[in-house]
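K.L.:
One structure, as C-alpha cells, below. Some questions next.
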Amino acid sequence: MNFIIPMAGKGSRLRPHTLLNPKPFFKIAGKTLVERLLEDLAKNSATEKIEKIGFVIGDLNAQQKQHLTDIALRLGAEPYFYQQKEALGTAHAVFCASELLQGKVIVAFADTLFQGNIALDTSAEGSLWVKAIEDPSAFGVVKLDQNGVITDYVEKPKTFVSDLAMIGVYYFKHAEQLKTELAYLIDNQVIKSGEYQLPDALRRLTEKGVALKTTVVQTWLDCGNAEATLQAMESILQAEGSQVHKNAKIIDSIIIEPCFIADGVVLERVVVGPFVSLEEGVQLKNTNISHSIVHAKTALANLSLLQSVIGEMANLAGKQQKMSVGDYSKIDM
C-alpha cells in the first residue's frame, strides 16, 4: 500500500502560526500534525505493508524534509517528494504524486486528524472517511444509496442532503482508476473556482460504476484555525493523558492534569493546566496558564493566559502589580 499526503497549502486560517512553518508541522503535545496523521493511518491499516509515502509539498527547508523522511522510515516506508508549484486544487495536488497511484492507496490531507480504531475494509473498491456532523452546510458531504454506496458529492449544501462530511482521507483499492480520472480533469481543463477539485474525479468514478463506500470516524479533529486547534489539543490530551518529561525543571509550581510538558521546560512559581501543551525549552515564571499551546524556546513571565497559542522563541512579560483593594470591589484585568 502507498500513502499520498498532500501538504502544500498555506494554512492561512492558522496564521500567524503558519508564516514560517507550514500547518502540517504545527506541534501538539510533542508531535507535528503530519506525524500524528501518519501514525494513526499506519495503525488503522496495519494489515497492509506501507511501501511508499509520497509527500506533495510546497517550499520546505532541509529540516522539514528530514522530519518527513524520518517519519516515513520509522513506519517502514520509502519517502518520495513531489512539489506542487501552483495552488491548483486538491485533484491537482494528488496528481502531482501520480506515479504512486498504483494498487492500494490512501490519500490523506495533512491537516486531518482523527481518533479511535477505524474499521477500514481494504477489500472494498474504495472508501471515503466521513464524520456525521450537525451542520454540514460548511463541508463537502456524500449521499448514499440503500446499500451504503456513494451516489453523489455535494459541496457546502444550502439545503440538507446528507450529514456525512468528507474529512480528507480516501482509500482506493485500484488507484490507477483515480489516476485516469485526475488526468481527464487536467487534460480537459475541468476547473471550478480556479482549481481542479478531487470530488469531480470521485464523481466520475461513481458514474463509471466504481462502488465507493464510507468509513465513519467517531472523532474528527479539525485544525483549521487557532480555536479548532486548541480543541484538538484538548481531545489529544484527554486521550493520551499527562506527559511530563523527566528533564523538565519544576520549581514551586502546580500542574493540573492533563498537560504535556516537554524536555527542557522550566516552570518557576506557575500554575499550569488543565489542557496545556508546552514544547521543548519553554520557560514560565510567575504565570498562570490553561487551555493553551506554547511552542519551543518561548519565555513567559508575570502573565495569566487562557485559550492562547504562542509561537516559537517568543518572549512575553507582564508586570507584577501591587494593590490595596477594599470590600465589595470588582476588578477585571
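Read-outs: derived from the displayed coordinates by stated rules, not from any lab. Nothing here was measured: the structure is a model prediction, and the numbers come from that model. Cβ sites come from the backbone with ideal geometry, for glycine too, and all protein chains shown count toward neighbours.
K.L.:
Could you identify which residue out of GLN66, GLN83, GLN321 has the top mean-square fluctuation in a GNM of the chain using Cα springs shorter than 10 Å?
P.N.:
Per the Cα network of the chain with a 10 Å cutoff, GLN321 tops the list.
K.L.:
Right, here's the next one. So what's the back-of-envelope 222 nm ellipticity for the chain, counting only DSSP H runs of four-plus at -39500 (n - 2.57) apiece and dividing by all residues, rounded to 500?
P.N.:
-6500 deg cm²/dmol
K.L.:
Is region 117-221 rounded, prolate or oblate when judged by the Cα gyration tensor, a ≥ b ≥ c being the square roots of its eigenvalues, rounded requiring a/c under 1.5 and prolate requiring a/b larger than b/c?
P.N.:
Oblate.
K.L.:
May I pose another question? Quick check: pseudo-label points 7 Å beyond the Cα along Cα→Cβ at GLU268 and SER304, how many nm apart are they?
P.N.:
Calculated label separation equals 2.2 nm.
K.L.:
Ok, one more. Can you tell me which of PHE275, PHE160, PHE172 moves the most in a GNM of the chain? Springs connect C-alpha atoms under 10 Å apart.
P.N.:
In this elastic network of the chain, the residue with the biggest mean-square fluctuation among PHE275, PHE160, PHE172 is PHE160.
K.L.:
OK, next. Using only the Cα atoms of the chain, what semi-axes does the equivalent ellipsoid have when each is the square root of 5 times a gyration tensor eigenvalue? Give whole Å, largest first.
P.N.:
41, 22, 18
K.L.:
Listing VAL161, VAL34 from the residue with the fewest other Cβ atoms within 10 Å to the one with the most, what is the order?
P.N.:
Exposure proxy ranking, most exposed first: VAL161, VAL34.
K.L.:
Right, here's the next one. Amide H to amide H under 5 Å from GLY126: which residues, 5+ apart in sequence or cross-chain, H placed 1.01 Å off N in plane?
P.N.:
Amide H neighbours of GLY126: LYS173, LYS213.
K.L.:
Oh, and also: So how strong a dipole does the chain carry about its Cα centre when Lys and Arg Cβ are +1 and Asp and Glu Cβ are -1, to the nearest 20 debye?
P.N.:
So the magnitude is around 520 debye.
K.L.:
Pick out which of ARG203, ARG36, ARG74 has the largest mean-square fluctuation in a Gaussian network model of the chain, springs linking Cα atoms closer than 10 Å.
P.N.:
Taking springs between Cα atoms under 10 Å, the residue moving most is ARG74.
K.L.:
Sticking with this one: Amide H of ILE310 versus every other amide H placed in the peptide plane: which residues, excluding those fewer than 5 positions away on the same chain, fall under 5 Å?
P.N.:
Counting only residues 5 or more places away or on other chains, the set is ILE293, VAL294, HIS295.
K.L.:
I would also like to ask the following. Over region 2-227, what is the relative contact order in whole percent, taking alpha-carbon pairs under 8 Å and six or more residues apart?
P.N.:
Once normalised by length, the contact order is 25 percent.
K.L.:
Label region 241-317 by shape, choosing from rounded, prolate and oblate, from the square roots a ≥ b ≥ c of the eigenvalues of the Cα gyration tensor; if a/c is under 1.5 it is rounded, and otherwise prolate applies when a/b is larger than b/c, oblate when it is not.
P.N.:
rounded
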